[in-house]
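Read-outs throughout are calculated quantities, based only on the coordinates presented, and are distinct from any laboratory measurement. If you're wondering where the values come from, they're calculated on a predicted model, not measured in any experiment. All Cβ positions, glycine included, derive from the backbone under ideal geometry; neighbour counts span all protein chains shown.
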């Protein structure tokens with residue numbers, strides 16, 4: 001499922017966490033249309049709807065703690 005999350009991360013934005021508990025490889029097919037698309041695929045559902053209807057997965061917005069590395073400044077090493 002981590003590969004599915006990696007594939008849809010850019011479309012949904014934000015940080016996505018796999019909370020399905022599913023491990024291993026799966027052969028899946030997902031048909032959807034980007035929400036900002038003006039293409040002929042208007043009959044296809046949005047990504048969130050396709051995930052729910054075709055795979056039984058739901059995206060849930062939650063607030064969680066994540067580790068973050070903050071770099072305040074960088075300096076080149078001095079010539080010794």
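You can think of it this way: the chain between residue 19 and residue 61 has 13.9 nm of extra reach, that is 0.36 nm per residue less the Cα-Cα gap.
Between residue 26 and residue 54, the simple label model (points 7 Å from Cα in the Cβ direction) yields a spacing of 1.3 nm.
In percent, rounded to a whole number, the relative contact order of the chain is 18, using alpha-carbon pairs under 8 Å and six or more apart. The GNM of the chain, with springs linking C-alpha atoms under 10 angstrom apart, assigns the highest mean-square fluctuation among 47, 57, 69 to 69.
Considering only 29, 65, 46, the Gaussian network model of the chain with Cα springs below 10 Å gives its largest mean-square fluctuation to 65. For the chain, the square roots of the Cα gyration tensor eigenvalues, ordered a ≥ b ≥ c, give a/c of at least 1.5 with a/b greater than b/c, which places it in the prolate category.
Kindly provide the helix-only [θ] at 222 nm of the chain, computed as the sum of -39,500 (n - 2.57) over DSSP H runs of four or more divided by all residues, to the nearest 500 deg cm²/dmol?
Theoretical 222 nm ellipticity from helices: -5000 deg cm²/dmol.
Taking the longest Cα principal axis of the chain as reference, the axis of helix 2-12 is set at about 90 degrees.
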